[in-house]
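Student: Take this structure first; my questions come after.
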Amino acid sequence: MTTTPASDLASRARQRVGEVVRVSADAARALIQRPMHTLAMIAGVMLAVASATAGVVVADTQQARIDLRFDLQRSDHVVIQADDLPPAGFPAQQLRRLVALEPVTAAGELSIWDHSARVSRSIPDTPVTSNVVVADVGGLAAAGVLGRSGAPLELISATSGAPVAWIGDRLAARLGVAPATGSPGAGQDAQILVDGTPLSVAGVVSAPSAFGYLSGAVVVSRATAVEHVSGAGENMRVVAQVRPGAAKAVGGYATQALDPQGDAGLRDLTPPDGEILKSNVASDLRRIGMALAVVIGLVGMLTAANTLIMSVYQRRRELGLRSAMGWSRRKIGALLLAESALAGLLAGVLGVGLGFAGAAIWCEVQDWELIIEPLLPVVVLAGGVLASLVGGLLPALKAASISPLTAMRS
Amino acid sequence: MTGSTPGSGALVELSGVGLEIAHPVRTRILQPTDLEIVAGESVAIVGPSGAGKTTLASIIGTLQSPSEGSYRFAGQEMVGKTRKELARFRAGQLGFVFQQAHLVEYRTARANVELGLTDPSLNRAGRRELSMEALRRVGLHRLGERLAAHLSGGEQQRVAIARALVKAPSLVIADEPTSALDQRTGQAILELLAGVGTLGATLVLVTHDERAMGTAGRVVTIVDGGIRP
């Protein structure tokens, strides 16, 4: 029968595949028939894979929690400052355009009129240095300012330039001011002097820590400040409360919306939301997880190598016999590597299961929601096989170098 | 039968083949030796312990190379071949039976015999058939699926013979195959080996066993590393 080069090649390829299958089956049989030896061989890699899996799953889960915490701490306020606006303040129509944005829940003015006003209850009292803040209802709502006592904050825009103010709770405590309930300027309010100008205290407010300075401030409407408080205002700011994470985008848009012509000299003062820090923490966590996996993987690899070397020593006669019968060095080495790879695969499967189970129990105890990357089992499994294969290299070389005479002389 | 076995003439030709090792001390293991073994012949190599019998057999089996001389197998020079070429030669032409059966304990008798089949073109069914045939020849076909660990010493040695014969080698080298067996079992093994010639193979039998000398066609005595004339 004549054969073409192509059919000859195909036949050789079939023979090669047959050889690989036979060697793999031989290796599998060696592992199955010697369970204790197999267990000793896979223990190291299995523990390494389990530790790496559990470590990465717990790190990923912890990462999700860190993400959540960062989200909670991300800036949810936009602050726009105008350097060149007229004393009338921001045009109401443009403010409405800002409020209409989807991520914005409230927006309005919250400017510093005077950062060092001298405030007291009466002339002989020692004055307290305080901020005088110009605000409207939207600005106070955006800053999360709440009325603690006295007239509702919503009335600040209705004061129409009357000498009425709201003061922060810390300032109220220092001055000993307790406003009466009722309409602002109704004649029953406590009085304070701001740089010598008397103002009625309509209410006491509290502010969240992000706007803590308002607790020690005197808050008035722009019309009141213009009419009754000395000075011309130190800055003019709009504050908007936005959905966490949207501050940067809204800040960029707001400068355009509030000042399309670019006449007001607007600046976006929105504080950064810690993305870089978050990214650094995330990369540090992964680096720690990877280093841990590499160290444990190395230990597993050495354990597998040690067990295989002992196995090669124990099987010297058998391997020598195979060599005497005509097995090539490559085939004997391949037999050992196939055993290594199969042991690594077995160790990987058991290790991944063990690792997931461990991580799941840990997360259950900690009441964390388990996060599993879909590719993780594949990557860790491949890592286990690779570690086992690398660990099997030296034993395979040793096995391949066993002389066929060993069988005759033992 | 596989391999290029000549129908007549010398299968094994040793000419001035000797072995001297340099480490750990320079030692002469085998004096320069001339020996011819004709195809189909049955040769017993005998001599006292340490005389060099196993060394001579291992050189004939290409398990080690001589330090001098020429070794031709079926007219082909063996000295100077690479390790890979020698492995391929052994795979095609030689069968070995050692003092110990060296079976893989966790494999069945049949699977152990299959280890002797190194022809990659054989498929699974072909391997199984040849292995069972070899086991039938040594009278163990009923124990083909029994684990090697569960066979007696004599049965294990029979499996080893089947493993050596399964590829129908040109030359079978048996090194002290009966020394680990009782007298009766040893006799049965010798009878089996005596039948190697009927399969067309040549037999080189290294032994102390006087009965073996009776079954061999020719006896070569080796003393102090040299063949006694």
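Taken together, the values in this text are just the output of simple stated rules run on the coordinates, not laboratory data. Model, not experiment: these values are computed from the prediction. Don't worry about glycine lacking a Cβ; one is built from the backbone with ideal geometry, like all the others, and counts go over all protein chains shown.
Student: Can you give me the long-range amide H partners of B:S67? Hydrogens built in the peptide plane at 1.01 Å from N, cutoff under 5 Å, separation of 5 or more residues or another chain.
Tutor: B:G18, B:L19, B:E20
Student: Taking Cα atoms, how many degrees apart are the long axis of helix A:329-366 and the longest axis of chain A, rounded to 10 and kept between 0 and 90?
Tutor: Computed tilt is about 30 degrees.
Student: I need A:L336, B:L190, A:L354 ordered by Cβ neighbour count within 10 Å, fewest first.
Tutor: Exposure proxy ranking, most exposed first: A:L354, B:L190, A:L336.
Student: Once both axes come from the Cα atoms, what is the angle between helix B:83-93 and the longest principal axis of chain B, in degrees from 0 to 90, rounded to 10?
Tutor: 60 degrees
Student: Can you work out ³J(HN,Hα) from phi for every residue in the range B:181-194, in order, using Karplus 6.51 cos²θ - 1.76 cosθ + 1.60 and θ = phi - 60°, giving whole Hz and x for Gly and Pro?
Tutor: 10, 6, 4, 5, 5, x, 4, 5, 5, 4, 5, 4, 5, 4
Student: While we're on this one: Placing +1 at every Lys and Arg Cβ and -1 at every Asp and Glu Cβ, with all other atoms neutral, what dipole size does the range A:311-387 have around its Cα centre, in debye to the nearest 20?
Tutor: Its charge dipole is roughly 1100 debye.
Student: Check which residues have an amide H placed less than 5 Å from B:S42's amide H, if you skip close sequence neighbours.
Tutor: HN-HN under 5 Å from B:S42: B:L203, B:G217, B:R218.
Student: Let me ask something else about it. Taking the Cα atoms only, what angle lies between the long axis of helix A:275-314 and the longest principal axis of chain A, rounded to 10 degrees?
Tutor: Between helix and principal axis, roughly 10 degrees.
Student: If you don't mind, another one. For the range A:77-272, would you read off the P(r) tail past 25 Å as a percentage of all alpha carbon pairs?
Tutor: Above the 25 Å cut-off, the range A:77-272 has 32 percent of its Cα pairs.
Student: Moving to a separate point now. Which one of A:V204, A:G108, A:A88 is farthest out on the positive end of the charge dipole of the range A:77-272, using unit charges on Cβ (Lys, Arg +1; Asp, Glu -1) and the Cα centre as origin?
Tutor: Selected residue: A:V204.
Student: Turning to a different aspect of this structure: Given only helices, namely DSSP H runs of n ≥ 4 each adding -39500 (n - 2.57), what is the per-residue ellipticity at 222 nm of chain A, to the nearest 500 deg cm²/dmol? Don't skip to the answer; put the middle values down first.
Tutor: On the way: 12 runs with 225 residues, N = 410.
Mean residue ellipticity, 222 nm, calculated: -18500 deg cm²/dmol.
Student: Here's a follow-up. Would you list A:W166, A:W113, A:W368 from fewest to most Cβ contacts within 10 Å?
Tutor: Least crowded to most crowded, the residues run A:W368, A:W113, A:W166.
Student: Work from the charge dipole of chain B (Cβ charges, +1 for Lys and Arg, -1 for Asp and Glu, about the Cα centre) and give the residue of B:P169, B:L35, B:G80 farthest towards its positive end.
Tutor: Positive-end residue among those listed: B:P169.
Student: Quick one: dipole size for the range A:77-272, taken about the Cα centre, charges +1 on Lys/Arg Cβ and -1 on Asp/Glu Cβ, in debye to the nearest 20.
Tutor: 440 debye
Student: Here's something else I'd like to know. Determine the distance separating the Cα centre of the range B:127-178 from the Cα centre of the range A:80-139; give it in Å without decimals.
Tutor: That distance is 101 Å.
Student: Select from B:A51, A:A173, A:S7 the residue farthest towards the positive end of the dipole of the protein assembly as shown; place +1 on Cβ of Lys and Arg, -1 on Cβ of Asp and Glu, and compute about the Cα centre.
Tutor: B:A51
Student: Something else: Within 10 Å, at most 15 other Cβ atoms, and a DSSP state outside H, G, I, E, B define an exposed site. Report the longest part of chain A free of exposed GluC sites (Glu not before Pro).
Tutor: A:1-233
Student: Taking the Cα centre of the range B:34-117 as origin, sum charge times position over the Cβ atoms of Lys and Arg (+1) and Asp and Glu (-1), and report the length of that vector in debye to the nearest 20.
Tutor: The calculated dipole for the range B:34-117 is roughly 360 debye.
Student: Additional query: Averaged over peptide B:99-107, how many Cβ atoms belonging to another chain are found within 10 Å of each residue's Cβ?
Tutor: 5
Student: Per residue of the range A:37-44, what does 6.51 cos²θ - 1.76 cosθ + 1.60 with θ = phi - 60° give for ³J(HN,Hα)? Whole Hz please, x for Gly and Pro, Karplus curve as stated.
Tutor: Values, residue by residue: 4, 5, 4, 4, 6, 8, 3, x Hz.
Student: For A:L269, list long-range residues whose amide hydrogen, built 1.01 Å from N in the peptide plane, is under 5 Å from its own amide hydrogen.
Tutor: For A:L269, the qualifying residues are A:V79, A:I80, A:Q81.
Student: With Cβ to Cβ distances under 15 Å as the rule, what net charge do the other residues near A:V352 carry (K, R +1; D, E -1)?
Tutor: Counting the neighbours of A:V352, the net charge comes to -2.
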